[in-house]
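A short write-up of the structure that comes next.
The values are calculated or read from the model by the stated rules, or taken from the named source; none is laboratory data. Keep in mind that this is a model prediction, so the values were computed, not measured. Cβ atoms come from the backbone with ideal geometry, glycine included; neighbour counts cover every protein chain shown.
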Amino acid sequence: MTRKTVRIAMNGVTGRMGYRQHLVRSILALREQGGLDLGDGTVLWPEPILLGRREHALRQIADRHGLAHVSTDVDAVLADPTVDVYFDAQVTSAREGSLRKAIAAGKHVYTEKPTATGLDGALELARLAHGRGVRHGVVQDKIFLPGLIKLKRLVDGGFFGRILSVRGEFGYWVFEGDWQSAQRPSWNYRAEDGGGIVVDMFPHWEYVLHELFGRVKSVQALATTHVPQRWDERGKPYDATADDAAYGIFELEGGVIAQINSSWTVRVNRDELVEFQVDGTEGSAVAGLRKCRAQHRGATPKPVWNPDVPATEAFREQWQEVPDNAHFDNGFKAQWELFLSHVHADTPYRWDLLAGARGVQLAELGLKSSAEGRRIDVPEITL
């Protein structure tokens, strides 16, 4: 067995997502399992280089996990020929410029989304990476969740018959930050810093809908700011200039209609923080982060509307749990493994910067739809 070191510059690991999901639960988890076995006698050994603006915070993380490499000089790290991959989990407004530098330096790039603040920038990144000949990938973690893997299994197996509609509910109450601390950083609620739930979540909905049901053909959305004032990490009040809730209707290829509500101002009355209900002529299913329940046509009850008497049926108990039938690893780690295999073994990989640009496009058109109060077509984009 040959061990090959892959050096990964990781920018943004002091943030919650960059630290927990990408560094700890993905890269360090790969090291704990002995590396990534490519199946050809080669094991990839990931060696992270922690990048960021706050050296003290980076060194704390490095000391906590026994890591050797820390830097606040992105340009110097990108100039290092031993660095193979650049990963970006910074705030959205800082991402595009850093990715451009990494591509120009000939590094393979893997990045959180959205990849840029607008479609033009996102498409240009895809074109630059293609022209430079580097491998490129965008985090699309939701499709690697156990609940959606099970849902995809039902779709691929023809369980639904003709799929009619998709209903999605996502969100939770994010505290304003005055009497209880907020669970999300304050920049999420400032449009000038790249915040907003449309920018954050519509790229997710694009790839979930695209992968499972078909390309989004049109969008009609209403984005709003329900909570106009919040308190930042220092306890100071600020004006929330970005949308904290969005209500979208998406028309998909093949005639499927999807409705998805996204909100940071909703209290949870569902089993999981995100759930999708899919209804088809032959059956229906409800999928969350981990679980998926289904009801076939032959097992569908016949409710009768009668508001004069209390309901006697326990409707939620009439659905069947979809079994795991497999071991589900952390979704972020699973996609990291696929991307690193793509970089070093040329395995197929489709979640690239062009796929990321589709997400940016949907967010951009969703905001335009909300501003203009109309449905907007979503054209196909290419390099």
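Of all residues being outside any strand (DSSP E or B), more than 20 Å from the chain's Cα centre (by Cα) and touching a residue at least 40 places away in the same chain (Cβ under 8 Å) in the range 211-254, which is surrounded by the most Cβ atoms within 10 Å (Cβ to Cβ)? Just the residue, please. So that I can check it myself, show each step before the final result.
Initially, the range 211-254 is screened for residues outside any strand (DSSP E or B), giving 211-215, 225-228, 232-236, 240-244, 253-254.
Checking which are more than 20 Å from the chain's Cα centre (by Cα) leaves us with 225-228, 232-236, 240-241, 253-254.
Those left that are additionally touching a residue at least 40 places away in the same chain (Cβ under 8 Å): 227, 232-233, 235, 240-241, 254.
Working: 227: 15, 232: 15, 233: 11, 235: 9, 240: 22, 241: 14, 254: 11.
Checked the range 211-254; the qualifying residue surrounded by the most Cβ atoms within 10 Å (Cβ to Cβ) is 240.
Taking residue 273, is it among the aliphatic types (A, V, I, L, M) and either within 13 Å of residue 170 (Cα to Cα) or not assigned by TED's automatic domain parsing to the domain that holds residue 146 (or both)? Steps first, please.
Details: among the aliphatic types (A, V, I, L, M): yes; either within 13 Å of residue 170 (Cα to Cα) or not assigned by TED's automatic domain parsing to the domain that holds residue 146 (or both): yes.
So residue 273 passes the test.
Quick test of your reading of the structure: residue 169 fulfils all but one of (1) closer than 20 Å to residue 354 by Cα; (2) touching a residue at least 24 places away in the same chain (Cβ under 8 Å). Name the failing condition by number.
The single condition residue 169 does not satisfy is (1).
Within the range 8-60, take every residue that is among the charged types (D, E, K, R) and under 17 Å from residue 89 (Cβ atoms) and give me the one that is surrounded by the most Cβ atoms within 10 Å (Cβ to Cβ).
If we filter the range 8-60 for residues that are among the charged types (D, E, K, R), which is where we start, we get 16, 20, 25, 31-32, 37, 40, 47, 53-55, 59.
Still in the running and under 17 Å from residue 89 (Cβ atoms): 16, 20, 25, 53-54.
Working: 16: 11, 20: 13, 25: 17, 53: 13, 54: 10.
Within the range 8-60, the match that is surrounded by the most Cβ atoms within 10 Å (Cβ to Cβ) is 25.
Filter the range 325-376 down to residues that are exposed (fewer than 11 other Cβ atoms within 10 Å of the Cβ) and of a type in the set (Asp, Glu) and give me whichever is farthest from the chain's Cα centre (by Cα).
Looking at the filtered set, the residue picked out is 372.
Out of curiosity, is residue 267 more than 28 Å from residue 162 (Cα to Cα) and either in a loop (DSSP other than H, G, I, E, B) or of a type in the set (Phe, Trp, Tyr) (or both)? Steps first, answer last, please.
Values: more than 28 Å from residue 162 (Cα to Cα): yes; either in a loop (DSSP other than H, G, I, E, B) or of a type in the set (Phe, Trp, Tyr) (or both): yes.
Criteria met by residue 267.
Looking at the range 197-209, is at least one residue buried (at least 17 other Cβ atoms within 10 Å of the Cβ), assigned to a strand (DSSP E or B) and either at pLDDT 95 or above or not assigned by TED's automatic domain parsing to the domain that holds residue 95 (or both)?
Step one: of the range 197-209, the residues buried (at least 17 other Cβ atoms within 10 Å of the Cβ) are 197-209.
Checking which are assigned to a strand (DSSP E or B) leaves us with none.
Scanning the range 197-209, I find no residue that is buried (at least 17 other Cβ atoms within 10 Å of the Cβ), assigned to a strand (DSSP E or B) and either at pLDDT 95 or above or not assigned by TED's automatic domain parsing to the domain that holds residue 95 (or both), so the answer is no.
Restrict the check to the range 297-319 and report whether at least one residue is touching a residue at least 60 places away in the same chain (Cβ under 8 Å) and loosely packed, with under 15 Cβ neighbours inside 10 Å. Write out each step before concluding.
Kept after step one, since they are touching a residue at least 60 places away in the same chain (Cβ under 8 Å), are these residues of the range 297-319: 297.
Those left that are additionally loosely packed, with under 15 Cβ neighbours inside 10 Å: 297.
Within the range 297-319, one or more residues are touching a residue at least 60 places away in the same chain (Cβ under 8 Å) and loosely packed, with under 15 Cβ neighbours inside 10 Å.
Yes or no: residue 263 of a type in the set (Gly, Ala, Ser), surrounded by 21 or more Cβ atoms within 10 Å (Cβ to Cβ) and within 17 Å of the chain's Cα centre (by Cα)?
Details: of a type in the set (Gly, Ala, Ser): yes; surrounded by 21 or more Cβ atoms within 10 Å (Cβ to Cβ): yes; within 17 Å of the chain's Cα centre (by Cα): yes.
Criteria met by residue 263.
Please specify each residue of the range 123-146 satisfying the condition of being of a type in the set (A, V, I, L, M, F, W, C) and over 12 Å from residue 110 (Cβ atoms). Break it down stepwise before answering.
From the range 123-146, those of a type in the set (A, V, I, L, M, F, W, C) are 123, 125-126, 128-129, 134, 138-139, 143-145; that's our starting set.
Of everything in the range 123-146, those that are of a type in the set (A, V, I, L, M, F, W, C) and over 12 Å from residue 110 (Cβ atoms) turn out to be 123, 125, 126, 128, 143, 144, 145.
When residue 354 is evaluated against the numbered criteria (1) of a type outside the set (Gly, Ala, Ser); (2) assigned to a loop (DSSP other than H, G, I, E, B); (3) within 19 Å of residue 143 (Cα to Cα), which criterion, by number, is the only one it fails?
Of everything listed in (1) of a type outside the set (Gly, Ala, Ser); (2) assigned to a loop (DSSP other than H, G, I, E, B); (3) within 19 Å of residue 143 (Cα to Cα), residue 354 misses just condition (2).
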